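For reference, the structure discussed in these notes is given below.
The values are calculated or read from the model by the stated rules, or taken from the named source; none is laboratory data. What you are looking at is a predicted structure, and each value in this text was computed from that prediction instead of being measured. Positions of Cβ are backbone-derived with ideal geometry, glycine not excepted, and every protein chain shown enters the neighbour counts. Keep in mind that these areas ignore ligands, DNA and RNA; they rest on the heavy atoms of the full protein, side chains included. Shrake-Rupley method; radii C 1.70, N 1.55, O 1.52, S 1.80 Å.
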Amino acid sequence: MHANLPVTSNLEHLAVLSTDPLTFWVDEHYQRGTRAVLSYDRDGKIRSTIPTAAPEYDLHIELGDTLHTPFRARPGQAAVVVGDTLIATAVKPHDVSYSHVSKKGGKSRTVRRAKGRLVAYSLANGTFRWTADLDDEVNGLAVDGDTVWALTRKRLVRVDIPTGHRTSTLTIRSDERTKAVDLWAADGRFVIVAEDGTDRYPPAAGLR
């Protein structure tokens, strides 16, 4: 099979998200270029195009800033393909905010407020399927059977892939938390790999 990418300029990012179905993330340098997830049929024809920028939110395919992930050799997953479904992290401009709250004695403390979400699209035709709201921004994503696990700062959340329903939530102890670059899940057990094992976060943490 031979397939052409619909691009006219240099690429900022190009990644294979799946080989069956063949699915690419294409991020063209040119502002009006292709910035989307593309799914191909077996004849090499594009069957769906899912833009990564939308009026409501942006789809993140890599963790972190997307364009400036520090661990370039193995960027963390913020999107996965399961069958004919794309599941991606959807980010809005004000998902994370900070405010100062006054305390007694004239001192103040900084309060962080955050929210996040996963969204799903059909790769067969590009249609939107569901949204799953989360308590914080996504720090890791892993598939386990017919569910996807999303790692936030304090929790692991299990989401049913066919419906988008949250079916389980696990709280992560403070000594198990890390800034993830990868999340692995299998049979209710988890491994969280940090992007940098030299800082205050543990290089890896196992959970069950």
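Some values worked out for this structure:
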item: Proximal lysines relative to K115, as straight alpha-carbon distance under 26 Å, when same-chain residues fewer than 8 apart are discounted; result: K92, K103, K154, K179
item: Fraction of accessible area attributable to carbon and sulfur, the range 93-138 (%, probe 1.4 Å); result: 47
item: Accessible area expressed per residue, the range 1-47, with surrounding protein chains retained (probe 1.4 Å, Å²); result: 65
item: Most to least packed among 10-18, 117-125 [average Cβ atoms within 10 Å]; result: 117-125, 10-18
item: Ranked order, W184, W149 - accessible area, probe 1.4 Å, largest first; result: W184, W149
item: Residues of the range 107-159: accessible area per residue with a 1.4 Å probe, Å²; result: 44
item: Residue-level accessible surface for K45, protein heavy atoms, 1.4 Å, Å²; result: 130
item: By accessible area with a 1.4 Å probe, ligands and nucleic acids excluded, highest first: order of I46, I161; result: I46, I161
